[in-house]
Amino acid sequence: MPAHHAQTTRLNDGITAIDTEYERPLQDASHLIVEGGRAAFVDTGTNNSVPLLIDALHQQNLDVAEVDYVFLTHIHLDHAGGAGLLMQKLPNALCVVHPRGIAHMIDPTRLIAGTETVYGVEDTRRMYGDIQPIEASRCVAPDDEQWFDLNGRQMQALYTQGHALHHYCLNDPASRGVFTGDSFGISYRELDTAAGALIFPTTTPTHFDPDTAHASVDRIMGCNPLQLYLTHYSRVRDLDRLAADMHAGIDAHTEIALANKDADDPLAGIRPAMSEYLKGRARAHGFKGDEDTLQAILEIDIELNAKGLVSWLQRLKKQGL
């Protein structure tokens, strides 16, 4: 077995999910798209994920020179932290990153500082390592609805900014699928039950906006997909049900935030309410595991969603709302 053996799942239409091994198994996926011997990655994980992505290429008898694109749905570091290091190993690839994010991939100084604000300096270094810049000449900022050609396979960037202002999704008509980043929420495979997949929004700091989040879900569904490829975690189907659950979840998150709007410390009320909500959703969905297991699956999202809602309340306050 290679020193860095990627855990991969072959899906459909030349698409493979790669476990980036971010924090825990089955939390964070990069997707490899292969079309006639040419390849693209959608999201990269962190620097620690890069050897796994290269191994996933080799598992399909592909060389680093055969990768044409690295699509970054947005620049949060669990999605894009390894992009700079990966691009150093892909001689022919272009990195496609939202116009609002491109400067931060060319010079990641402010991106790193912002991440340190959320996670702290020590945890940022542990999780993400030394973030590498990408040469400006190798970065492409897509227009909304712009098409990209992967060896004849046409894929379209669609701005979906409810989770982050620097977010787009990648519409892939060849698979009747959309690579959604975080714009269609989170659906961990450990929470699948006889009722199917469980899904919930991610309101990570600092750009969450409920109206735009609703619009992003609708825009994704407007592609008439049969399946979606989430970064957290990979393929989901039964999309009409999941879209309805996403809309309900966005509203529920908003209500949790507004219930604590006037508190001296909103986070102190939002955090336990978020825990109760997400765990309650999992139990109602039929999850049978013990409390410690459920906490381990959801603890990162409980914390980040709560902090993101506090950020949203702070913006409302600045706007006098």
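No lab work stands behind these numbers, since they all come straight from the coordinates. Every value quoted in this text rests on a predicted model; they were computed, and no experiment measured them. We place every Cβ from the backbone using ideal geometry, glycine too, and count neighbours over all the protein chains shown.
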Task: Local electrostatic count, His79, Cβ distance below 11 Å [Lys/Arg +1, Asp/Glu -1] - done: -4
- [ ] Just tell me which lysines come within less than 19 Å, Cα to Cα, of Lys307; anything on the same chain fewer than 8 places away is out.
- [x] Lys261, Lys279, Lys317, Lys318
Task: Dipole in debye (nearest 20) - the stretch 243-318, about Cα centre, beta carbon charges: Lys, Arg +1; Asp, Glu -1 - done: 300
Task: Pairwise Cα inverse-distance average, inverted: Kirkwood Rh of the stretch 10-84 (Å) - done: 12.1
Task: Radius ratio Rg over Rh of the stretch 91-179, counting only Cα atoms, Kirkwood formula for Rh - done: 1.03
Task: Residues with amide H under 5 Å from that of Leu94, placed H, sequence gap 5 or more - done: Tyr69, Val70
- [ ] For the stretch 141-259, just the Cα atoms, rotate onto the principal axes and tell me the three extents in Å, largest first.
- [x] 49, 34, 21
Task: Shape parameters for the stretch 243-318, alpha-carbon atoms, Rg then Dmax in Å - done: 13.0, 43
Open item on the list: How large is the direction-averaged shadow of the alpha-carbon convex hull of the stretch 61-103, in nm²?
Closed with: 3.2
Open item on the list: For a quick check, take a GNM of the chain with Cα springs below 10 Å and name the residue from Leu53, Leu165, Leu239 with the largest mean-square fluctuation.
Closed with: Leu239
Task: Added length on full extension, which subtracts the Cα-Cα distance from 0.36 nm per residue, Arg283 to Ala174 - done: 35.6 nm
Task: Kirkwood-type radius of the chain, with distances r between different C-alpha atoms, in Å - done: 19.7
TODO: Once you've got the GNM for the chain with C-alpha springs shorter than 10 Å, pick whichever of His58, His98, His247 has the biggest mean-square fluctuation.
DONE: His58
- [ ] May I ask you to derive the FRET efficiency for Ala194 and Leu226 from their Cβ-Cβ distance with R0 = 22 Å, giving the value to the nearest 0.05?
- [x] 0.55
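List every DSSP H helix in the chain whose Cα atoms extend 20 Å or more along the helix's own long axis and whose mean Kyte-Doolittle hydropathy is at least 0.0. Kindly include the intermediate steps, with their values, before the conclusion.
Details: long enough: 239-258 (28 Å, 0.27); 266-284 (26 Å, -0.31); 291-318 (39 Å, -0.10).
TM-like helix candidates: 239-258.
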